[in-house]
1. For Arg122, which of the numbered conditions (1) over 20 Å from Thr15 (Cα atoms); (2) open to solvent by 70 Å² or more (accessible area, probe 1.4 Å); (3) in contact with a helix residue (DSSP H, G or I) (Cβ under 9 Å, 6 or more places away or on another chain) fails to hold?
2. Between Arg11, Arg32, which is in a loop (DSSP other than H, G, I, E, B), within 21 Å of Gln177 (Cα to Cα) and basic (Lys, Arg)?
3. Just for helices (runs of 4 or more DSSP H) wholly inside segment 61-157: which have at least 1 residues that are basic (Lys, Arg)?
4. Among the residues of segment 46-55, is any outside any loop (DSSP other than H, G, I, E, B) and more than 22 Å from the chain's Cα centre (by Cα)?
5. Take Ala73 and decide whether it is surrounded by fewer than 14 Cβ atoms within 10 Å (Cβ to Cβ) and closer than 30 Å to Trp145 by Cα.
6. Select, from Val19, Val60, Val47, the only residue that is among the β-branched types (Val, Ile, Thr) and open to solvent by 10 Å² or more (accessible area, probe 1.4 Å).
7. For Asp109, are the conditions met, namely being surrounded by 14 or more Cβ atoms within 10 Å (Cβ to Cβ) and of a type in the set (Asp, Glu)?
8. Is segment 89-97 home to any residue that is loosely packed, with under 14 Cβ neighbours inside 10 Å and either among the hydrophobic types (A, V, I, L, M, F, W, C) or more than 24 Å from Ile26 (Cβ to Cβ) (or both)?
Amino acid sequence: MIIERLCQEHRNIETLLAVLERELEIFDRGDRPDYDVIRTIINYFEVYPDLYHHPLEDLVFAKFKIRDPAAAAKVGNLTLEHQKGAERLRRAAQAVDGVLAGREILRQDVDTIVRDFIEHERCHIMMEDRDFFPAALKALEPQDWTEIASTLIIRKDPLFSEVAEKTFYAPRAHILQSEQEAEAGRH
């Protein structure tokens, strides 16, 4: 159940990255993207992953390092990867805030900073899905999962739960509509 939850959160994050990428394409054409949606996605990344997703991964990883230190070493330093991701997010947020404040920032610079965040998030998710989660599933014992589950604070995802927080209602609708339009365009 824990790995399934983490994988679902990864799918949710990928949805947000796709919407952010589409908004960036609008920006790159010289048009005005939906800055409310961009800001909401950034706000989401500033809060949810660091408070709920990453701590859960850290709990799993801590047990994983005990059960299979060699396999954990191959996965790398998740805490450092999460810190680097937070730094990339901070730079992306500053670039977007600079545009909104009317500061002189080259479009190419904004594009590079935001794409760097998107690309690294996708690579990080892919590594966890491909390497970390399967290895943890193989190494951890049932009592490990029980211990991890007993420490969890269940918190509904503010964007992807059916009871999304009030501040996320409108952006959530826009994000879901964008995803449906993109999905329709793929078929």
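1. (1)
2. Sole residue among the options that is in a loop (DSSP other than H, G, I, E, B), within 21 Å of Gln177 (Cα to Cα) and basic (Lys, Arg): Arg32.
3. 69-75, 78-100, 107-127, 133-139
4. First, the residues of segment 46-55 that are outside any loop (DSSP other than H, G, I, E, B): 46-55.
Cutting the leftovers down to more than 22 Å from the chain's Cα centre (by Cα) gives us none.
No, the conditions are met nowhere in segment 46-55.
5. For Ala73, the condition - surrounded by fewer than 14 Cβ atoms within 10 Å (Cβ to Cβ) and closer than 30 Å to Trp145 by Cα - is met.
6. Numbers: Val19 fails: open to solvent by 10 Å² or more (accessible area, probe 1.4 Å); Val60 fails: open to solvent by 10 Å² or more (accessible area, probe 1.4 Å).
Answer to the check: Val47.
7. Spelling it out, it is not the case that Asp109 is surrounded by 14 or more Cβ atoms within 10 Å (Cβ to Cβ) and of a type in the set (Asp, Glu).
8. There is no residue in segment 89-97 that is loosely packed, with under 14 Cβ neighbours inside 10 Å and either among the hydrophobic types (A, V, I, L, M, F, W, C) or more than 24 Å from Ile26 (Cβ to Cβ) (or both).
The values are calculated or read from the model by the stated rules, or taken from the named source; none is laboratory data. Fair warning: this is a prediction, and the values are worked out from it, not measured in the lab. Please note: Cβ atoms are built from the backbone with ideal geometry, for glycine as well, and neighbour counts cover all protein chains shown. The protein model used for the area step is the full one, side chains on, heavy atoms only, and it has no ligands, DNA or RNA in it. Shrake-Rupley method; radii C 1.70, N 1.55, O 1.52, S 1.80 Å.
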